[in-house]
Amino acid sequence: MSAATTRSRTPDRLCAEAVDLARAAAEEVAAPGVVGEHEGMVSEGDRVVTHFFACRELGYRGWRWAVTVARASRARIVTVDEAALLPGPDAVLAPEWVPWSERLRPGDMGPGDLLPTDAEDLRLEPGWSGEEEPPPNSAVSGEMAELVEAEDAEVTGGTPAHLPTAPSRGSITAVAEEIGMRRARVLSRYGLHTAADRWEEAFGAKTPMAQAAPASCVSCGFLVPIGGSLGQAFGVCANEFSPADGRVVSLAYGCGGHSEAAVMPKPPQPAPPVIDETRVDPFPLRPAADSGSVPATEDASSAELGHS
């Protein structure tokens, strides 16, 4: 270990003793009465020491006033380098800043809110912009242009909304209008998969409601089919009494509002028992007064016979 390293770890004596100088510097930059007791010091290097003072400012629990003092080589005068309020090891700090795009959660948007999408959003891919040369990833691509020439179809410029008349059948615009590809961007495979994962988690086969359902949505009359590839696994519930009314549900989801729940065969009921164990028969603890052969009240004939 070199001598310079040894000196940097050992606080300079004059700098270490300059507590009053450091306190005065902290009180100069702080509000009156917020500089507390001295909480120690640390050596920053050769003839450089930082003194720490407790902070009594409300809302800054665990923070410390840090004043760095230094001394020039061969000098006996200690000067102040800087004074600042710094968090201590137990300070209350604000959470790490997170971009709004990562803080946003489903349901956070309200009326009037606008949510811009990134130009490179992985959930979207280029659609058809209406130009003669669509983006390369679009469904209406170069292959479609070759089909146009082979089928002698008509190519129109611009989107259908900007055309004076409806596009003729067989043109690229008509095809794009029919298959819903005239939007600037459409869902990518990644966007489809993430949406399917969310819907499956909310209204899928593993939910407690689906586990207790009499049947799945694939056989329910309230299921409204949807188009596209997602229609092979999802639909929209149209039962107003279902917890998933108006929601996209998995075909394997189910609830008690199934359309065929009322007409499904009921489980067989067991036969009535031969001995009815549910009825209670009362038995008196003492015999009734008139249950014997001798009447309860004495008459003249019984008295002569000597009955008591």
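The values are calculated or read from the model by the stated rules, or taken from the named source; none is laboratory data. The structure displayed is predicted, hence computed values, not measured ones. All Cβ positions, even for glycine, are placed from backbone atoms using ideal geometry, and neighbour counts span all protein chains on display. With ligands, DNA and RNA removed, areas are computed over all heavy atoms of the protein, side chains included. Shrake-Rupley method; radii C 1.70, N 1.55, O 1.52, S 1.80 Å.
Quick check on Val236: is it touching a Leu at 6+ places or on another chain (Cβ under 6 Å), open to solvent by 30 Å² or more (accessible area, probe 1.4 Å) and over 19 Å from Arg123 (Cβ atoms)? Full working, then the answer.
Values: touching a Leu at 6+ places or on another chain (Cβ under 6 Å): no; open to solvent by 30 Å² or more (accessible area, probe 1.4 Å): yes; over 19 Å from Arg123 (Cβ atoms): yes.
Answer is no for this residue.
Which is more than 30 Å from Trp199 (Cα to Cα) and either touching a Ser or Thr at 6+ places or on another chain (Cβ under 6 Å) or among the charged types (D, E, K, R) (or both), of Arg105, Arg13? If you could, list the steps in order and put the result at the bottom.
Working: Arg105 fails: more than 30 Å from Trp199 (Cα to Cα).
After applying the criteria, what remains is Arg13.
Is it fair to say Gln269 is within 22 Å of Leu192 (Cβ to Cβ), open to solvent by 70 Å² or more (accessible area, probe 1.4 Å) and either more than 25 Å from the chain's Cα centre (by Cα) or at pLDDT below 85 (or both)? Outline the logic, then answer.
Numbers: within 22 Å of Leu192 (Cβ to Cβ): no; open to solvent by 70 Å² or more (accessible area, probe 1.4 Å): yes; either more than 25 Å from the chain's Cα centre (by Cα) or at pLDDT below 85 (or both): yes.
Spelling it out, it is not the case that Gln269 is within 22 Å of Leu192 (Cβ to Cβ), open to solvent by 70 Å² or more (accessible area, probe 1.4 Å) and either more than 25 Å from the chain's Cα centre (by Cα) or at pLDDT below 85 (or both).
Pro282: in the same structural domain as Glu200 (by the TED database) and either open to solvent by 70 Å² or more (accessible area, probe 1.4 Å) or modelled with pLDDT of 85 or more (or both), yes or no? Write out each step before concluding.
Details: in the same structural domain as Glu200 (by the TED database): no; either open to solvent by 70 Å² or more (accessible area, probe 1.4 Å) or modelled with pLDDT of 85 or more (or both): yes.
Against the criterion (in the same structural domain as Glu200 (by the TED database) and either open to solvent by 70 Å² or more (accessible area, probe 1.4 Å) or modelled with pLDDT of 85 or more (or both)), Pro282 does not qualify.
Residues are listed down the side, and each one gets a yes or a no for (1) within 30 Å of His258 (Cα to Cα); (2) open to solvent by less than 80 Å² (accessible area, probe 1.4 Å); (3) at pLDDT 90 or above; (4) under 28 Å from the mean Cα position of the chain (by Cα):
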{"site": "Gly130", "(1), (2), (3), (4)": "no, yes, no, no"}
{"site": "Ser141", "(1), (2), (3), (4)": "no, yes, no, no"}
{"site": "Ala145", "(1), (2), (3), (4)": "no, yes, no, no"}
{"site": "Gly158", "(1), (2), (3), (4)": "no, yes, no, no"}
{"site": "Ala166", "(1), (2), (3), (4)": "no, no, no, no"}
{"site": "Ser171", "(1), (2), (3), (4)": "no, yes, no, no"}
{"site": "Arg183", "(1), (2), (3), (4)": "no, no, no, no"}
{"site": "Trp199", "(1), (2), (3), (4)": "yes, yes, yes, yes"}
{"site": "Pro225", "(1), (2), (3), (4)": "yes, no, yes, yes"}
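Could you tell me which residue of the stretch 60-81 is farthest from Ala94 (Cα to Cα), considering only residues that are open to solvent by less than 50 Å² (accessible area, probe 1.4 Å) and either of a type in the set (Phe, Trp, Tyr) or part of a loop (DSSP other than H, G, I, E, B) (or both)?
Once the filter is applied, the top-ranked residue is Ala75.
Restricting to the stretch 20-41, what's the tally of residues that are open to solvent by 60 Å² or more (accessible area, probe 1.4 Å) and either part of a loop (DSSP other than H, G, I, E, B) or more than 18 Å from Ala72 (Cβ to Cβ) (or both)? Before the answer, list the steps.
First, the residues of the stretch 20-41 that are open to solvent by 60 Å² or more (accessible area, probe 1.4 Å): 20-21, 23, 27-29, 32-33, 37-39, 41.
Imposing the further condition that a residue be either part of a loop (DSSP other than H, G, I, E, B) or more than 18 Å from Ala72 (Cβ to Cβ) (or both) reduces the set to 20, 23, 27-29, 32-33, 37-39, 41.
The number of residues fulfilling the criteria is 11.
Has the stretch 45-59 got at least one residue that is of a type in the set (A, V, I, L, M, F, W, C), open to solvent by 50 Å² or more (accessible area, probe 1.4 Å) and assigned to a loop (DSSP other than H, G, I, E, B)? Steps first, answer last, please.
Taking the stretch 45-59 as the starting set, the residues that turn out to be of a type in the set (A, V, I, L, M, F, W, C) are 48-49, 52-55, 58.
Restricting the remaining residues to those that are open to solvent by 50 Å² or more (accessible area, probe 1.4 Å) gives 58.
Subsequent filtering for residues that are assigned to a loop (DSSP other than H, G, I, E, B) retains 58.
Yes, some residue in the stretch 45-59 is of a type in the set (A, V, I, L, M, F, W, C), open to solvent by 50 Å² or more (accessible area, probe 1.4 Å) and assigned to a loop (DSSP other than H, G, I, E, B).
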